[in-house]
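Notes for the one structure printed next.
The values are calculated or read from the model by the stated rules, or taken from the named source; none is laboratory data. Since we're looking at a predicted model, the values are computed, not measured. Please note: Cβ atoms are built from the backbone with ideal geometry, for glycine as well, and neighbour counts cover all protein chains shown. All accessible areas refer to the heavy atoms of the entire protein, side chains included, with ligands and DNA or RNA removed. Shrake-Rupley method; radii C 1.70, N 1.55, O 1.52, S 1.80 Å.
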Amino acid sequence: MEYYNQQHNMNCAWFRFPQVYGIGPHDIFYVNGKKCQSGVSTFIENARNGRNIEIWGNPHEKRDIVYVKDVAKAYADAMASEHTYGLYNITAHAQVDIEDQAKAAIQIFGDEQKSRIIYCPEKGKRKGASYLYSIEKAKRDFGYEPQYVDFISIMKDYKKELDSGRWNKWIYSRNRQEP
């Protein structure tokens, strides 16, 4: 895209995201052809069923996050601005750690049978670094301001969307498909 910007005087833009949360294809992924469920999706399922939640590796590894509704709004705002050009970080600009994700899943999706968190540092396969992207360029060029900046608000809206039933057909058909 930068080539076209330079060679053809275009105004292409592209976004860099951390993990995107929300209903969508990102809660299931494939590893060597095997269908796997994302960590937060597993936390939610376990909390809904009153099962314990295992945290593998470092429970306090922090990552920047973004909610799918903020991603959609960023695209709309970027397309409406005459100043959009180049690379943008699109995030909530707020870090959350794995332990806080598990606690939020229990708080929002759990019932009387509260799940417990089980720490399994020996099962952690990777040692990642914490990170937080700058969103200043997106704020400046097209007024990007994330609406979902804490994990509890993300999980509350995620639950509201799941409970609405409007995604059931999509979720049901997707979960039945194999690669």
| task | List the residues of region 53-75 whose backbone N lies under 13 Å from a point placed 7 Å from the Cα of residue 118 along the Cα-to-Cβ direction. | result | 53-56
| remark: For residue 31 the rounded accessible area (nearest 10 Å², probe 1.4 Å, non-protein molecules ignored) is 70 Å²
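Where the accessible area of region 11-107 is counted over protein heavy atoms with a 1.4 Å probe, how much of it, in %, is carbon and sulfur?
Details: 2490 of 4670 Å².
Exposed carbon and sulfur together represent 53 percent of the surface.
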| message | Compute a Gaussian network model of the chain, connecting alpha carbons closer than 10 Å, and tell me which residue from 92, 76, 105 fluctuates the most. | response | 76
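Between rounded, prolate and oblate, where does region 84-144 land on the alpha carbon gyration tensor, with a ≥ b ≥ c its root eigenvalues, rounded for a/c under 1.5, else prolate if a/b exceeds b/c? Show your work: numbers first, answer last.
Values: a/c = 4.86, a/b = 1.90, b/c = 2.55.
Oblate.
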| note | the chain: antiparallel bridges as % of DSSP beta bridges, rounded to 5, reads 40 percent
| Reported label for calculated P(r) over Cα pairs in 10 Å bins from 0, in percent given [x] 9, 33, 29, 13, 8, 6, 3, 0; [y] 9, 28, 27, 17, 11, 6, 2, 1, 0; [z] 9, 30, 33, 20, 6, 1, 0 | [z]
| request: Please work out the average accessible area per residue across the chain, using the 1.4 Å probe convention, and give it in Å². | output: 61 Å²
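If 103, 123 are ordered by their accessible area, calculated over protein heavy atoms with a 1.4 Å probe, which sequence runs from highest to lowest? All intermediate terms of the calculation are to be shown ahead of the outcome.
Numbers: 103 100, 123 80 Å².
My answer, sorted largest first, is 103, 123.
Heavy atoms only, probe 1.4 angstrom, no DNA, RNA or ligands counted: give me 8, 93, 83 ranked by accessible area, highest first. Could the numbers behind the result be given before it?
Details: 8 100, 93 75, 83 130 Å².
So, going from the largest accessible area down, we get 83, 8, 93.
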| note | With all protein chains present and a 1.4 Å probe, the order of 1, 10 from largest accessible area down is 1, 10
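What percent do you get for the relative contact order of the chain when only Cα pairs under 8 Å and 6+ apart count? Write out the running numbers ahead of the final one.
Numbers: 281 pairs, mean separation 51.9, N = 179.
Value for the chain: 29 percent.
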| Can you tell which of 17, 29, 109 shows the greatest fluctuation in a Gaussian network model of the chain with Cα springs below 10 Å? | 29
| task | Taking only Cα atoms and a 10 Å spring cutoff, compute GNM fluctuations for the chain and point out the largest among 78, 104, 47. | result | 78
| task | Select from 168, 96, 67 the residue farthest towards the positive end of the dipole of the chain; place +1 on Cβ of Lys and Arg, -1 on Cβ of Asp and Glu, and compute about the Cα centre. | result | 168
| Selection from 81, 130, 39 lying farthest towards where the dipole of region 1-145 points positive, charges on Cβ | 39
| Can you flag which of 103/137; 103/139; 73/123; 137/159; 114/159 are past 27 Å Cα-Cα? | 103/137; 103/139; 73/123; 137/159
| request: For region 106-162 and region 33-89, compute the distance between their C-alpha centroids and round to whole Å. | output: 7 Å
| query | What shape does region 59-117 have by the C-alpha gyration tensor, where a ≥ b ≥ c are the square roots of the eigenvalues, rounded means a/c under 1.5, and otherwise prolate means a/b greater than b/c and oblate the rest? | reply | oblate
